[in-house]
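The block underneath contains the structure these notes are about, expressed in structure tokens.
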Amino acid sequence: MITILSGGTGTPKLIQGIKRIYNESKTKVIVNTLENDYFSGVYVAADIDTVMYTFADLINPETFYGIKNDTFITNEELARLNSPELLKIGDKDRALKIQKTRLLKNHNLSEVVDIQRKKLNIKSKIIPMSNENSEVKIVTDIGDLTFHDFLIGENPKPKVKNIIFSKVKPSNEVISSIEESELVIIGPSNPITSILPIISMDGVKEALKKANVIAISPIIGKIPVSGPAAVFMNALGYEVSSYGVASIYSDFLNKIIIDKKDISEKKRIEEIIDYVEIINTEMIDINTKVELAKIVLKELI
Ligand code: GDP
């Protein structure tokens, strides 16, 4: 069995590769819930939905958000009514979110996700990191912002000085799934807003220290492949590089995979992580995703 720690863009790409070569029912995914919130009256668990749509082959492959070929009738009608949505939600995607919102009246988030993934015929267990809501504050030079206000808000972005998130309790299966896995994979996700919230919860680092843990760096050279990882890493005082990523995970990581463009970093990283593997980590198509998955899972396949 394997457990994957995931955010909502980089790791789902790797999951597409893993899914092709490893038994889905032996795969568990612990997903970030930091950004979960209500939008347009529905509960949005963006990273969880992305992971679900990835397993169900429904994901919009361009954005890794929402369902491919979805329509936006409700979204467009809301704009016409002068009530534009802060988050653009497609019609089919909204249906899943409405169901989640309804189910949350009588179930916790883990139970809701389990009901939905079974409906979507997903064999992998998808585990929200927590059933509690996170409070997250992006401290910037123009004041404190919510995560979504920062992400969706205007460009250029204000300077980020800190990221503060509340402490939440891990959901039931988080620790046991790490403990029972032959391999724990930290996907190429934003280390600050996707992975740190998971590993900061009580008991998670202790479980990871006893596990066989491999990470894939989301940073190639001095820039992330996509998204705001660089500004967040900077704000918390980490170097924006695969070395910086390694230093965030160094307490418990057995092995890190870095991109071939970062070969010059190998020596430095070996001072803090036992094994450093170098290959192409840019997942541009299904072949590169499967190739990376094969390297990650090489002890198990
Ligand atoms: P978010 O929830 O949208 O922020 O998504 P994630 O936390 O999953 O991840 C975003 C991170 O994935 C970014 O830091 C990207 O640099 C990284 N990423 C995206 N695509 C790739 C890729 O093909 N290769 C690697 N190595 N990293 C990637």
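The values are calculated or read from the model by the stated rules, or taken from the named source; none is laboratory data. This structure is a prediction, so every number in the text was calculated from the model and none was measured. Note that each Cβ is placed from the backbone with ideal geometry, even for glycine, and that neighbours are counted across all protein chains shown.
None of Lys105, Lys88 is of a type outside the set (Ser, Thr, Tyr), under 22 Å from the mean Cα position of the chain (by Cα), over 23 Å from Leu5 (Cβ atoms) and outside any helix (DSSP H, G or I) except Lys88. For Glu206, the test of being out of contact with any Asp or Glu (no Cβ under 8 Å at 6 or more places or on another chain) and surrounded by fewer than 16 Cβ atoms within 10 Å (Cβ to Cβ) is passed.
For (1) within 16 Å of the ligand (Cβ to nearest atom); (2) in contact (Cβ under 8 Å) with a residue 40 or more places away in the chain; (3) farther than 18 Å from Ile256 by Cα, each residue gets a yes or a no:
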{"site": "Val160", "(1), (2), (3)": "yes, yes, yes"}
{"site": "Ile163", "(1), (2), (3)": "yes, yes, yes"}
{"site": "Ser166", "(1), (2), (3)": "no, no, yes"}
{"site": "Val174", "(1), (2), (3)": "no, yes, yes"}
{"site": "Ile178", "(1), (2), (3)": "no, yes, no"}
{"site": "Ser181", "(1), (2), (3)": "no, yes, no"}
{"site": "Ile186", "(1), (2), (3)": "yes, yes, no"}
{"site": "Pro191", "(1), (2), (3)": "yes, yes, no"}
{"site": "Val204", "(1), (2), (3)": "no, no, yes"}
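May I ask you to verify whether Asn60 is in contact with a helix residue (DSSP H, G or I) (Cβ under 8 Å, 6 or more places away or on another chain), surrounded by fewer than 19 Cβ atoms within 10 Å (Cβ to Cβ) and modelled with pLDDT of 95 or more? Yes.
Within region 242-265, residues that are more than 20 Å from Lys294 (Cα to Cα) and more than 15 Å from the ligand (Cβ to nearest atom) have Cβ atoms under 7 Å from residues that are assigned to a loop (DSSP other than H, G, I, E, B) and at pLDDT 95 or above in these pairs: Ser247/Tyr238; Ser247/Ile272; Ser250/Ile272; Ser250/Ile273, counting only partners at least 6 apart in sequence or on another chain. Which residues, counting only those in region 1-33, are within 14 Å of the ligand (Cβ to nearest atom) and part of a strand (DSSP E or B)? Ile4, Leu5, Ser6, Val29, Ile30, Val31, listed by residue number. Could you grab me the full set of residues in region 34-45 that are within 15 Å of Ser130 (Cβ to Cβ) and outside any loop (DSSP other than H, G, I, E, B)? Result: Asp37, Tyr43. Does region 34-43 hold any residues that are within 23 Å of Glu76 (Cβ to Cβ) and either within 12 Å of the ligand (Cβ to nearest atom) or touching a His at 6+ places or on another chain (Cβ under 9 Å) (or both), and which are they? Scanning region 34-43 gives Asp37, Phe39. Residues in region 47-74 that are within 16 Å of the ligand (Cβ to nearest atom) and in a helix (DSSP H, G or I): Asp47, Ile48, Asp49, Thr50, Val51, Met52, Tyr53, Thr54, Phe55.
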